[in-house]
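So the structure is just underneath, and the comments pick up after that.
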Amino acid sequence: MTLTAPSTTMRHPAPTFSFTTPQEKRSFVQRLFTNIAPRYDWFNRLASCGLDGSWRRAAVRRGTVESGQTVLDVCAGTGDLALLCAARQAGQGTVIGLDMNPAMLSYAQRKQQRRHLRVGWLQSDAQTLPFADGRFDRVLIGFSTRNLSDLMSGLREMIRVVRPGGQLIILEMGRPANPVLRVAYQTFLFTVVRVVGLLLTGQLWPFTYLARSVRGFLTPQEMIERLQSLKTTVEYVPLSHGLVSLYLVTKT
Ligand SMILES: C[S@@+](CC[C@H](N)C(=O)[O-])C[C@H]1O[C@@H](n2cnc3c(N)ncnc32)[C@H](O)[C@@H]1O
């Protein structure tokens, strides 16, 4: 990887974000979220102009997360999706939030304690889930498929732990079909979003990575094809005119 490792105490020139192995990308992503964990929620609210909560609520509602279900939030980060699921279940069901980053999970746990909701937190890797086949009614992953070091092995693993007939619910930054909106969105990511990130954290490189990872990620059609190759049926729901993609993936 042609990347100079950033530390929390030193400034470095912008890295180039080219990874030669999945392990390099994993270490980079781990360092990135350790760096921005204290400001992650603020960044989300400001960079999405307050819309991120409505996208998560749409995912939980459209994915029919309900009382009594067993739910796994993969790459749970600071826990917003898992906490929404727990609130919706009102104590009737099981929610587990899994993430590889202890700093992100510590913020999730604090929010959970403040809100008196029931969620179990687990530090683990999305690509080797420590659960039996078909264990969950719903598996969610929010704004994180881009960050997986091996997307297909992550998707395969998440589908493995969903029960037949259950759903994998994927929220991801989108690619608007309208070309004018698409260009405006990319420009917004590379300008406003990076400045917001810089002001909040004093660092630019995590937000340059974010913008580039969105630009370089799969189109909705490519994502659908990959999911269908894993023996699933897929409903694609563009949110906010395609700024965000919601995939409702049913295991057959
Ligand atoms: C952009 S945050 C998303 C957090 C949350 N889902 C949300 O909706 O805000 C990405 C999260 O994915 C986690 N992550 C990335 N790769 C992972 C992996 N292989 N296994 C577990 N967690 C991973 C990171 O640690 C980070 O907390």
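The table for this structure:
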| read-out | value |
| --- | --- |
| Tally of residues being among the β-branched types (Val, Ile, Thr) and without any contact (Cβ under 8 Å) to a residue 60 or more places away in the chain across the range 194-212 | 1 |
| Candidates SER124, SER149, SER144, filtered to the one that is out of contact with any helix residue (DSSP H, G or I) (no Cβ under 6 Å at 6 or more places or on another chain), of a type in the set (Ser, Thr, Tyr) and touching a residue at least 40 places away in the same chain (Cβ under 8 Å) | SER144 |
| Residues within the range 66-82 that are in a loop (DSSP other than H, G, I, E, B) and within 14 Å of the ligand (Cβ to nearest atom), tallied | 5 |
| Residue identified as among the β-branched types (Val, Ile, Thr) and touching a strand residue (DSSP E or B) at 6+ places or on another chain (Cβ under 7 Å) among THR145, THR187, THR219 | THR145 |
| Inter-residue pairs, beta-carbon under 6 Å, first part of a loop (DSSP other than H, G, I, E, B) and in the range 17-46, second within 10 Å of the ligand (Cβ to nearest atom), 6+ apart | PHE19/LYS25 |
| Residue in the range 87-111 that is surrounded by the fewest Cβ atoms within 10 Å (Cβ to Cβ), counting only those that are away from the ligand (no atom under 14 Å from the Cβ) and outside any loop (DSSP other than H, G, I, E, B) | ARG110 |
| Residue in the range 47-60 that is among the basic types (Lys, Arg) and under 16 Å from the mean Cα position of the chain (by Cα) present | yes |
| Enumeration of residues in the range 86-101 that are without any contact (Cβ under 8 Å) to a residue 60 or more places away in the chain and under 8 Å from GLN123 (Cα atoms) | LEU98, ASP99 |
| Those residues of the range 45-62 which are farther than 17 Å from HIS241 by Cβ and among the basic types (Lys, Arg), in sequence order | ARG45, ARG56, ARG57, ARG61 |
| Filter result for the condition that a residue is of a type in the set (Gly, Ala, Ser) and in contact with a Pro (Cβ under 7 Å, 6 or more places away or on another chain), over SER240, SER245, SER229 | SER245 |
| Within the range 1-29, considering residues that are at pLDDT 90 or above, crowded, with 17+ Cβ neighbours inside 10 Å and not basic (Lys, Arg), the one farthest from the ligand (Cβ to nearest atom) | PHE28 |
| Within the range 120-139, tally of residues that are over 14 Å from ARG163 (Cα atoms) and either modelled with pLDDT under 95 or within 13 Å of the ligand (Cβ to nearest atom) (or both) | 10 |
| Residues of the range 97-122 that turn out to be touching a strand residue (DSSP E or B) at 6+ places or on another chain (Cβ under 8 Å) and farther than 17 Å from LEU81 by Cβ, as a count | 1 |
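The values are calculated or read from the model by the stated rules, or taken from the named source; none is laboratory data. Bear in mind the structure is a predicted one, so any value in this text is a computation, not a measurement. Cβ coordinates were reconstructed from backbone atoms using ideal geometry, including for glycine residues, and neighbour counts include every protein chain displayed.
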